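Asker: Sharing a structure below in structure tokens format, with a few things to ask.
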Ligand SMILES: Cc1cc2nc3c(=O)[nH]c(=O)nc-3n(C[C@H](O)[C@H](O)[C@H](O)COP(=O)(O)OP(=O)(O)OC[C@H]3O[C@@H](n4cnc5c(N)ncnc54)[C@H](O)[C@@H]3O)c2cc1C
């Protein structure tokens, strides 16, 4: 085994949007950064996602911590995007038309109304709409749509463009990206950040950030309370090709599926939520359910060609909020468990983690997301 690097900088395990964005922010402050990525950067959950930056449409009862984090991140998003795009010289297709949640029946409508009241209590700028008003904005929705909730804060990006733009920014800022380089062990040593073993080389960086998404808890060497409690939550998702940009302009959330129109002509329809480990099959059942759900809300999707079908693994934690921050081992940090919200929470994660590492900043919200919060007695 060779001792590849005994350097003063930060080594990040995992090159998804989380690893890349933290790396970019650290580089901007003059910190040397190396990312070790098992495959190609951003090709796992970060490319599989739908790219929705959902605030109101991701509200779930009892998930206020998650909501607060997303709202903080959305405050940063417009500036994050302009800075990233002008630095890297490419677009991430940031769209601000908003999202509409719709109901198709009386019981869906009662459920939507309850959620709407909860959203209002949380002071979200949502607006109730009749079925008629929904159809005025989106003429393609079914004639029997009963009601809708307009969520103007819910924006979107093309997450695949976000991945490629972050990768370009990371490299342009001087980062080292080692792809096809799997970390096979994190070797814990007393009073020091772990040594990293990858492809027969041992790395001894000054700081280590574990950002390996759904695989973060599987790397050998992380035992007991140091092992992040994340699991893969499979999502199957597909894209149709729209005949014109006005086919659907807003994101649409139906009782069964969501639909996100992209400026490249794809209409992304997702997604299943399955606890089946790392099974990568795209199943007939998932395709059927997704297409049926989209067709019920918007019958004209029936005619559209299928562009692509794929799946990915959301890194799920026990409370659906990410694990962010210090581990208790000097110089060893974790940034994972972003579950359904890793794209929307990219700017806030990069800010919190880079400022924690370089300045020791520990805002209250970050402390609440401590990776140790699930340890017994914590
Ligand atoms: C179907 C689907 C739809 C989604 N839609 C949305 C959405 O609309 N909005 C939203 O905000 N979020 C969405 N998400 C969630 C979002 O995609 C994730 O939360 C986010 O991408 C997580 O980013 P990450 O960098 O932590 O993980 P990943 O993108 O999975 O990156 C982790 C990286 O670590 C690498 N790695 C793993 N093990 C090792 C190792 N041992 N050594 C080196 N590298 C390693 C992997 O190869 C991978 O590239 C969706 C997810 C899915 C699956």
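Values quoted throughout were computed directly from the atomic coordinates according to the rules given, and no laboratory measurement underlies them. Quick caveat, the model's predicted, so the values are computed rather than measured. Cβ sites come from the backbone with ideal geometry, for glycine too, and all protein chains shown count toward neighbours.
Asker: So for 138, 37, 303, fewest C-beta neighbours within 10 Å to most, what's the order?
Answerer: 303, 138, 37
Asker: Report relative contact order for the stretch 64-152 in percent, whole number only (criteria: Cα-Cα under 8 Å, sequence separation at least 6).
Answerer: With pairs under 8 Å counted, the relative contact order is 33 percent.
Asker: Roughly what would the spin-label model give for residue 249 and residue 146, points 7 Å off Cα along C-beta, in nm?
Answerer: 2.7
Asker: Using a Förster distance of 22 Å, how high is the FRET efficiency between residue 280 and residue 241, based on the Cβ-Cβ distance and rounded to 0.05?
Answerer: Working from the Cβ atoms, E equals 0.40.
Asker: Cα convex hull of the stretch 78-164: mean projected area in nm², to one decimal?
Answerer: Orientation-averaged projected area of the Cα hull: 7.0 nm².
Asker: So, one more: Calculate log10 I(q)/I(0) of the chain for q = 0.07, 0.09, 0.10, 0.15 Å⁻¹, where I(q) comes from the Debye formula with a single equal point scatterer on each Cα and nothing for solvent.
Answerer: The Debye formula, applied to the Cα set alone, gives -0.31, -0.51, -0.63, -1.31.
Asker: Let me check against my output: what whole-number percent is the relative contact order of the stretch 139-288, with C-alpha pairs under 8 Å and at least 6 apart?
Answerer: So the answer I get is 16 percent.
Asker: When 109, 283, 346 are ordered from fewest to most other Cβ atoms inside 10 Å of their Cβ, what list results?
Answerer: The order, fewest Cβ neighbours first, is 283, 109, 346.
Asker: Quick one: among 216, 317, 300, which has the greatest mean-square fluctuation in a GNM of the chain with alpha-carbon springs under 10 angstrom?
Answerer: It is 300.
Asker: For the stretch 155-306, what is the Kirkwood estimate of the hydrodynamic radius, computed as the reciprocal of the mean inverse distance between distinct Cα atoms, to one decimal in Å?
Answerer: Final number for the Kirkwood radius of the stretch 155-306 is 18.9 Å.
Asker: Highest GNM mean-square fluctuation, the chain, Cα pairs closer than 10 Å: which of 173, 56, 212?
Answerer: 173
Asker: Relative contact order for the chain using alpha-carbon pairs under 8 Å, separation at least 6, rounded to a whole percent?
Answerer: Reported as a whole number, the value is 24 percent.
Asker: Let me ask you something else. Work out the FRET efficiency for residue 190 and residue 292 from their Cβ-Cβ distance, taking R0 = 45 Å, and round it to the nearest 0.05.
Answerer: Approximately 0.20, to the nearest 0.05.
Asker: Still on this structure, I have one more. What full-extension length gain, to one decimal in nm, is calculated for residue 107 and residue 263 as 0.36 nm per residue of separation minus the Cα-Cα distance?
Answerer: Fully extending the segment from residue 107 to residue 263 adds 52.8 nm.
Asker: Take every DSSP beta bridge with both residues inside the chain and express the antiparallel ones as a percent of the total, to the nearest 5.
Answerer: Antiparallel bridges: around 70 percent, rounded to the nearest 5.
Asker: Debye calculation, C-alpha points only, no solvent: report log10 I(q)/I(0) for the stretch 152-244 at q = 0.21 Å⁻¹, in the same order as the q values.
Answerer: -1.22
Asker: If you don't mind, another one. For the stretch 240-304, what does the convex hull of the Cα positions come to per residue, in cubic angstrom?
Answerer: So the per-residue hull volume is 95 Å³.
Asker: Picking from 124, 366, 166, which is most flexible by a Gaussian network model of the chain using Cα springs under 10 Å?
Answerer: Comparing 124, 366, 166 in a Gaussian network model of the chain, the most mobile one is 124.
Asker: Kindly list the residues of the stretch 102-117 that lie in the label zone of residue 61, defined by a backbone N under 16 Å from the point 7 Å along the Cα-to-C-beta vector.
Answerer: Counting only backbone N, you get 108-117.
Asker: Sticking with this structure for a sec: Rg and Dmax of the stretch 236-378, Cα atoms, in Å?
Answerer: Just the Cα atoms of the stretch 236-378 yield Rg and Dmax of 19.3, 57 Å.
Asker: What's the center-to-center distance, using Cα atoms, between the stretch 21-52 and the stretch 56-94 in Å?
Answerer: 16
Asker: Hey, another quick one. Averaged over every viewing direction, what's the projected area of the C-alpha convex hull for the stretch 18-146? Give it in nm², one decimal, please.
Answerer: Seen from a random direction, the Cα hull of the stretch 18-146 projects 10.9 nm² on average.
Asker: For the stretch 269-317 and the stretch 152-183, what is the centre-to-centre distance using only Cα atoms, to the nearest Å?
Answerer: 24
Asker: In which sequence would 151, 181, 311 go, from the one with the fewest C-beta neighbours within 10 Å to the one with the most?
Answerer: Fewest-to-most Cβ neighbours within 10 Å comes out as 181, 311, 151.
Asker: Full-extension gain between residue 132 and residue 97, please, as 0.36 nm times their residue separation minus the C-alpha to C-alpha distance.
Answerer: Stretched fully, the residue 132-residue 97 segment lengthens by 10.7 nm.
Asker: Also, quick follow-up: What distance in nm separates the simple spin-label points at residue 201 and residue 303, each placed 7 Å from Cα in the Cβ direction?
Answerer: According to this spin-label approximation, the distance is 5.5 nm.
Asker: Where Rh is the Kirkwood radius over the Cα pairs of the stretch 1-93, the temperature 10 °C and the viscosity 1.306 mPa s, what D in µm²/s does Stokes-Einstein return?
Answerer: Result for D is 101 µm²/s.
Asker: Another question about this same structure. What number, rounded to the nearest 500 deg cm²/dmol, is the helix-based mean residue ellipticity at 222 nm of the chain, given -39500 (n - 2.57) per DSSP H run of at least four residues and division by all its residues?
Answerer: -9000 deg cm²/dmol
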